[in-house]
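The structure's right below; bear with me while I get my questions together.
Please treat every number below as a calculation from the coordinates, not as lab data. Note that this is a predicted model, so its numbers are computed, not measured. All Cβ positions, glycine included, derive from the backbone under ideal geometry; neighbour counts span all protein chains shown.
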Amino acid sequence: MMALAVEHKCEVSVSSPGGHFDIDVDPRRIRRVLTNLIGNAIEHGAGKPIEVTVDSSESAVSVSVRDHGVGMSPEQSSQVFGRFWRADSARKRTIGGTGLGLAISLEDARVHGGRIDVWAVENDGANFVLTLPRIPGTDITELPIEPNDGFES
């Protein structure tokens with residue numbers, strides 16, 4: 001991913017304000033989710049910084065991928081997880097893709113009892129937040145990262 005970020009001239013920063021934690025997941029599936037979220041941020045981030053934040057609560061772990069690119073309208077945000085859906089088919093894509101990445105990512109999150117939330121503002125970017133229970137089969141009682149974190153109110 002870092003080579004892709006360099007190619008697109010965008011800086012990716014990673015922070016973990018909550019420290020380290022253990023979580024029981026299928027690493028292949030979660031790697032696929034994170035690769036997709038970060039790849040999309042690079043693709044639509046317009047060369048602006050991308051922030052990846054990892055945080056946890058007692059019940060869950062969240063990973064936020066925030067870009068400052070083209071963003072989306074509320075209507076687009078509500079459709080973004082649909083199979084074969086694209087925000088704008090006329091946009092020039094440099095990474096490629098079929099429109100299945102976010103749908104597959106959401107399914108991977110759900111297999112773990114988790115979720116992916118999105119918050120976006122046109123011309124101000126998007127924030128995708130993957131949240132997974134710390135222990136498989138338990139409920140997420142508190143979101144460690146809110147999807148609208150990082151946006152002005």
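Mean-square fluctuation check for the chain, GNM, Cα pairs under 10 Å: which of D108, D67, D139 is largest?
Highest fluctuation of the listed residues: D139.
Nearest 500 deg cm²/dmol is fine: what mean residue ellipticity at 222 nm does the chain get from its DSSP H runs of n ≥ 4 alone, each adding -39,500 (n - 2.57), divided by its residue count?
Numbers: 4 runs with 41 residues, N = 153.
Using -39500 (n - 2.57) per qualifying helix, the result is -8000 deg cm²/dmol.
Ok, one more. Taking a spot 7 Å from the Cα of V111 along the direction of its beta carbon, which residues of region 14-38 have an amide N less than 17 Å from it?
It comes to 24-37, nothing else.
Still on this model: Could you give the size of the charge dipole of the chain about its Cα centre, using +1 on the Cβ of each K and R and -1 on the Cβ of each D and E, expressed in debye and rounded to the nearest 20? Spell out each step's value before the answer.
Details: 15 positive and 22 negative charges, 159 e Å.
About 760 debye.
Compare I42, I50, I140 in a GNM of the chain, Cα atoms joined below 10 Å, and give the one with the largest fluctuation.
Evaluated over the chain, the most mobile residue of the options is I140.
Further, regarding this structure: Taking the chain on its own, what percent of its Cα-Cα pair distances exceed 28 Å?
Percentage above 28 Å: 14.
If I model a spin label as a point 7 Å beyond the Cα along the Cα-Cβ vector, how far apart are those points for T138 and E11 in nm?
Simple spin-label model gives 3.7 nm for this pair.
So which GluC sites (Glu not before Pro) in region 1-47 end up in coil per DSSP with only 12 or fewer other C-beta atoms within 10 Å?
Qualifying residues, ordered by number: E11.
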